[in-house]
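One structure is given here, and the rest of the page talks about it.
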Amino acid sequence: MELKKSYKGFVIWLITFLAVMIGTVFLPIEDYELMTRITYNIPAIFVSLLAFIILKTENVYWYNGISFEQAVAAGSLRRREYAGRHFKRFKIFSDVFLLFSIVAQSLGFSHWIDFAVLFGGIIAVAISTVKIEL
């Protein structure tokens, strides 16, 4: 696969993410805790979606610390492996967080617990990817 430098896909992802976040305002849900949990799950899912898009397009230079030139020099196989390792971690987190949110909603936990798990988890997963090398 020949890599072409473009941020078009990233911009489309970002606009879609913002549209979905804004769109949650119009959901006919009156349960505040449920609505908050839905809103919290969107970033977790969208970060996984971004990692999946990077995996499929091999645009690993979208990640901080990787230049376009480094991505090209690495070759397709190394780009796919690098992106795949990122995707796997973010996908596991978004799946676990969704399951956690369902359990928390059914047990009546405060949404603040979800908030802490979401942001702590996203940060922990992001930090865990620092050691992944192209």
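The values are calculated or read from the model by the stated rules, or taken from the named source; none is laboratory data. These numbers come from a predicted model, not from an experiment. Here Cβ is always computed from backbone atoms with ideal geometry, including for glycine, and neighbour counts include all displayed protein chains. The accessibility values were calculated without ligands, DNA or RNA, using every heavy atom of the protein model including side chains. Shrake-Rupley method; radii C 1.70, N 1.55, O 1.52, S 1.80 Å.
What a 1.4 Å probe finds exposed on the chain is 70% carbon and sulfur by accessible area, rounded to a whole percent. Once the Cα atoms are used to define both axes, helix 8-23 deviates from the longest principal axis of the chain by about 0 degrees. Take the chain and mark each of the trypsin sites (Lys or Arg not before Pro) that is in a DSSP loop with at most 16 other Cβ atoms within 10 Å; the longest unmarked stretch, sites excluded, is 6-130. Looking at the range 11-66, the accessible area is 56 square angstrom per residue; that uses a 1.4 Å probe and ignores ligands, DNA and RNA. Farthest towards the positive end of the charge dipole of the chain, among the residues Leu99, Val117, Trp62, is the Cα of Trp62, using unit charges on the Cβ of Lys, Arg, Asp and Glu. Within the range 1-53, the GluC sites (Glu not before Pro) that combine a DSSP coil assignment with at most 12 other C-beta atoms in a 10 angstrom radius are Glu2, Glu30.
The magnitude of the dipole of the chain, with charges of +1 and -1 set on the Cβ of Lys/Arg and Asp/Glu and taken from the Cα centre, is near 620 debye. Using θ = phi - 60° in the Karplus curve 6.51 cos²θ - 1.76 cosθ + 1.60, the 3J(HN,Hα) couplings for the range 25-37 round to 4, 8, 5, x, 10, 9, 7, 4, 5, 5, 4, 5, 5 Hz; x is entered for Gly and Pro.
The separation of the range 38-77 from the range 1-33, counted between C-alpha centres, amounts to 15 Å. Rounded to the nearest 20 debye, the dipole size of the range 1-65 about its Cα centre is 380 debye, using +1 on the Cβ of Lys and Arg and -1 on the Cβ of Asp and Glu.
Across the chain, the relative contact order, built from alpha-carbon pairs under 8 Å that are at least six residues apart, equals 29 percent.
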